[in-house]
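Accompanying notes for the structure given below.
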Amino acid sequence: MATVLASSSPAEGWEEKVKAKRKQQQESIPQEWVISQIKTTPNVLDIPATCGLMTARELEITGTDDVSVVLENLSRGAWSSFEVTTAFCKRAVIAHQLTNCLTEIFVKEALERATELDDHLKRTGKVVGPLHGLPISLKDQYRIKGLEATMGYVSWIGQLAKDDAATVKLLIQNGAVLYVKTNVPQTLMWGETLNNVFGRTLNPHNTAFTSGGSTGGEGALIALHGSVLGVGTDVAGSIRIPSHYNGIYGFKPSSQRVPTYGMVNALEGQDVVPTVAGPLSASISGLKAFMHTILSSRPWTVDPNVIRKPWDSDAYALKEHGDGQGLCFGVIWDDGHLKPHPPINRALQMAKLALEKAGHTVIDWVPLHHRELNANARSIFLSDGAEDYRSAITPSGEPMITSMRPGADPADVPVFRQPRKPLSAFELWQLHKERRELRHAYFEHWNTTASVTGTGRPVDALIAPVMPYTSVPHGSTGPATYTLVFSTLDCPSLVFPVTKVDPVADSRAPPHEFRGADDEALYNLYNPGVMSGMPVGLQLVAQRNEEEALLAMGAIMDSALKKL
């Protein structure tokens, strides 16, 4: 557990509450699914298939990345929901033993639900909905009636949900099977995953490295095929960073398209740079399956904040983007502040080459106001002077985690996590005004590219780093500047895997002219030998509320890369 800062008035018993909660979690794991001996190796990706606990049939099911294939097999009865749910429950529990990725585990309830769905299909010959029989994992924030959603706070242990979150209701309505919830960092507002209740989640590609945050449990679980489709949240990069770090697909919609009502959250009430809900998956088809299902289910009926905009088939057919022919993409090589590491640059080059081979155009994008957009969002997040965090930890007396680095000095608080003086309402309004003007300037900048794309349209989508580096050793993740900028702009973003670090192809570059101390520290962080084999992803970004078009362009990108 990382070094923590002791509370000024610690209450008695928070450690006992944690001990009891962890015991409860352990007892929820079927004993026959416990690995007898875990081999000590940094990369644990092959252990589910070699530990001897899974049958060939279970490995076939959980090894199927394409969600559309899993759904097809379920709908025609080739696979029963009971056997699919059993396979993913077992593999999720194995993944948890390797990476500590889970919070709530409810196998019995999941298998009962799967049995009901199988009976319905046999009796009627019809599926309950488009997600019929599919096990779907959930970030710990999502309330499920009768279960806890501690979100890593000791004071929230024992608080059972009285109702399902809005998105959970839609998933159940459409035939999904819920079976596990996944780990998050204390306060959520970290690019790594560690809390005092459940501890740290590890990256299965290298357990000495971070799985990312705040949806880090989902990232590790899906990378180990303990889930094929999960649901997370993102306010600054919380879906995108774990997707990139773990080599999976992730999707951050614009705000108010996917329901968030009924979740537990950090900074609740801060709606200017809002939390959004979205999927993480082993395949791009999983992202589409989730978004198509949710947007086709009248989500505004379960969350009045959702805009009344159902799934748009014309948008997915790219009617406003030349029917998907001869698209023009803008590539962000560098935000002008933090220079990406060599593997990120190589991935950008690969994406450019793949798209050009597929008949599309890629032009350089000139970043505008990225530093200002990031600073604006951070100021909004910190405007309460950390009162939100204190209100959650004070009742239990648990300490605030001040660093994700193992063995860190309690006083070693990263700059981006240091509390600020609370702002007055008027001061906060000025930040809101500034954000409005920055957004206007950025989209005006985007729209003027119609004169240089050759299509008569502005750039169809942007290709950008997710982070300026791959996953890093625990405690090394810095500010999420490449993702936060698009949260401030409220743009949808799709993360897709591209490659892995190759120490030869991605050798260390000579020092460049550093833009500041953080850019120099970033350069010194890179070690191609240590980072060898870590996944490299990128993000594809569209204009606000273009979710369907972005999913279609993401499929084009994914297909082009696979043909390289």
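A single member of 385, 397, 407 is more than 30 Å from residue 330 (Cα to Cα) and without any contact (Cβ under 8 Å) to a residue 60 or more places away in the chain, and it is 385.
Among the strands (runs of 3 or more DSSP E) confined wholly to the range 158-271, which include 1 or more residues that are polar (S, T, N, Q) and closer than 29 Å to residue 39 by Cβ? Full working, then the answer.
Working: elements: 177-182, 206-210, 229-234, 249-252.
Answer list for the range 158-271: 177-182, 206-210.
For residue 529, indicate whether it is more than 30 Å from residue 555 (Cα to Cα), at pLDDT 95 or above and in a loop (DSSP other than H, G, I, E, B). Yes; evaluated as a whole, the condition is true for this residue.
When restricted to residues that are closer than 22 Å to residue 297 by Cα and among the acidic types (Asp, Glu), the range 220-276 contains 1. Within the range 411-423, residues that are surrounded by 14 or more Cβ atoms within 10 Å (Cβ to Cβ) reach partners that are among the hydroxyl-bearing types (Ser, Thr, Tyr) and in a helix (DSSP H, G or I) with beta carbons closer than 9 Å, at six or more positions or on different chains, in the pairs 419/389; 423/379.
Does at least one position in the range 452-468 carry a residue that is in contact with an Asp or Glu (Cβ under 6 Å, 6 or more places away or on another chain), under 24 Å from residue 340 (Cα atoms) and not small (Gly, Ala, Ser)? The answer is no, given that none of the residues of the range 452-468 is in contact with an Asp or Glu (Cβ under 6 Å, 6 or more places away or on another chain), under 24 Å from residue 340 (Cα atoms) and not small (Gly, Ala, Ser). Residues of the range 482-506 that are surrounded by fewer than 24 Cβ atoms within 10 Å (Cβ to Cβ) and of a type in the set (Ser, Thr, Tyr): 499 alone.
Considering only residues that are crowded, with 20+ Cβ neighbours inside 10 Å and assigned to a loop (DSSP other than H, G, I, E, B), which ones fall in the range 148-157?
Step one: list which residues in the range 148-157 are crowded, with 20+ Cβ neighbours inside 10 Å, which gives 148-154.
Within the range 148-157, 149, 150, 151, 152, 153 meet the criteria.
Residues considered: 62, 85, 50. Of these, the only one that is surrounded by fewer than 23 Cβ atoms within 10 Å (Cβ to Cβ) and not aromatic (Phe, Trp, Tyr) is 50.
For the range 122-144, enumerate the residues that are within 29 Å of the chain's Cα centre (by Cα) and among the basic types (Lys, Arg). Within the range 122-144, 139, 143 meet the criteria. Within the range 316-326, no residue satisfies the criterion of being assigned by TED's automatic domain parsing to the domain that holds residue 364 and either within 24 Å of the chain's Cα centre (by Cα) or closer than 15 Å to residue 365 by Cα (or both).
Within the range 75-91, which residues are of a type in the set (A, V, I, L, M, F, W, C) and closer than 15 Å to residue 64 by Cβ? Please lay out each step first, then the result.
Kept after step one, since they are of a type in the set (A, V, I, L, M, F, W, C), are these residues of the range 75-91: 78-79, 82, 84, 87-89.
The answer is 78, 79, 84, 87, 88.
Can you find a residue that is more than 30 Å from residue 547 (Cβ to Cβ), out of contact with any His (no Cβ under 7 Å at 6 or more places or on another chain), touching a residue at least 60 places away in the same chain (Cβ under 8 Å) and part of a helix (DSSP H, G or I) anywhere in the range 480-500? So that I can check it myself, show each step before the final result.
Taking the range 480-500 and keeping what is more than 30 Å from residue 547 (Cβ to Cβ), we get none.
Within the range 480-500, not a single residue is more than 30 Å from residue 547 (Cβ to Cβ), out of contact with any His (no Cβ under 7 Å at 6 or more places or on another chain), touching a residue at least 60 places away in the same chain (Cβ under 8 Å) and part of a helix (DSSP H, G or I).
Criterion applied to 57, 76 was being surrounded by fewer than 21 Cβ atoms within 10 Å (Cβ to Cβ), of a type in the set (Lys, Arg) and within 19 Å of residue 282 (Cβ to Cβ), and the one residue passing it is 57. Pairs meeting the criteria (first residue in the range 87-100 and free of Cβ contacts under 8 Å to residues at least 40 places away in the same chain, second residue of a type in the set (Asp, Glu) and surrounded by fewer than 24 Cβ atoms within 10 Å (Cβ to Cβ), beta carbons under 7 Å, at least 6 apart or on different chains) are 87/58.
Where helices (runs of 4 or more DSSP H) fall entirely within the range 32-147, those with at least 1 residues that are under 21 Å from residue 182 (Cα atoms), out of contact with any His (no Cβ under 7 Å at 6 or more places or on another chain) and of a type in the set (D, E, K, R) are at 81-99, 107-124.
Taking residues in the range 528-541 that are free of Cβ contacts under 8 Å to residues at least 24 places away in the same chain, and partners anywhere that are not in a strand (DSSP E or B), not one pair has Cβ atoms closer than 6 Å while being at least 6 places apart or on different chains.
The values are calculated or read from the model by the stated rules, or taken from the named source; none is laboratory data. Everything quoted here is computed from the prediction, not taken from an experiment. Glycine gets a Cβ as well: all are built from the backbone with ideal geometry, and neighbour counts include every protein chain shown.
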